[in-house]
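Colleague: Let me begin by handing over the structure; questions about it come next.
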Amino acid sequence: MDVHVTTSTVRGTTRAPPSKSYTHRALLAAGYSDGATVRSPRVSADTRATARAVS
């Protein structure tokens, strides 16, 4: 099997219901991008730890 990976650009905004699980996923996804912002995250000890790990 041949696999070709190319660079692409994705833009847009989305709103998710408040959830620790979604906050973790949003932080991880933002960590893969340049200049992404996670607004109004669900704050807890473990989401703060995820944010520190991503940064």
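Read-outs: derived from the displayed coordinates by stated rules, not from any lab. Being a predicted model, the structure only gives us computed values, none of them experimental. A quick note on method: Cβ atoms are made from the backbone with ideal geometry, for glycine too, and the neighbour counts reach across all protein chains shown.
Colleague: Over the chain, what is the mean sequence separation of C-alpha contacts under 8 Å (at least six apart), divided by residue count, expressed as relative contact order in percent?
Modeller: 36 percent
Colleague: When the helix-only estimate is applied to the chain (DSSP H runs of n ≥ 4, each -39,500 (n - 2.57), divided by the residue count), what is the mean residue ellipticity at 222 nm, nearest 500 deg cm²/dmol?
Modeller: Per the formula, -12000 deg cm²/dmol.
Colleague: Okay, next question. With labels modelled as points extended 7 Å from the Cα through the Cβ direction, what inter-label distance (nm, one decimal) is found for residue 7 paired with residue 39?
Modeller: 2.8 nm
Colleague: If you filter the range 1-52 for trypsin sites (Lys or Arg not before Pro), then keep DSSP loop positions with at most 11 other Cβ within 10 Å, what is left? Numbers along the way, then the final one.
Modeller: Values: sites: 11, 15, 20, 25, 39, 42, 48, 52; in loops: 11, 15, 39, 42.
Within the range 1-52, the qualifying trypsin sites (Lys or Arg not before Pro) (loop, at most 11 other Cβ atoms within 10 Å) are 11, 15, 39.
Colleague: May I ask for the angle, rounded to the nearest 10°, between helix 45-54 and the longest principal axis of the chain, with both axes built from Cα atoms and the value confined to 0 to 90°?
Modeller: The angle comes out at about 30 degrees.
Colleague: Tilt of helix 20-31 relative to the longest C-alpha principal axis of the chain, in degrees (0 to 90, nearest 10)?
Modeller: Approximately 40 degrees, to the nearest 10.
Colleague: Also, I was wondering about something else. Which three extents, in whole angstrom, do the alpha-carbon atoms of the chain cover along their principal axes, largest first?
Modeller: 42, 23, 21
Colleague: Fully extended, how many nm does the chain gain between residue 32 and residue 16 (0.36 nm per residue separation, minus their Cα-Cα distance)?
Modeller: Length difference between fully extended and current span is 3.9 nm.
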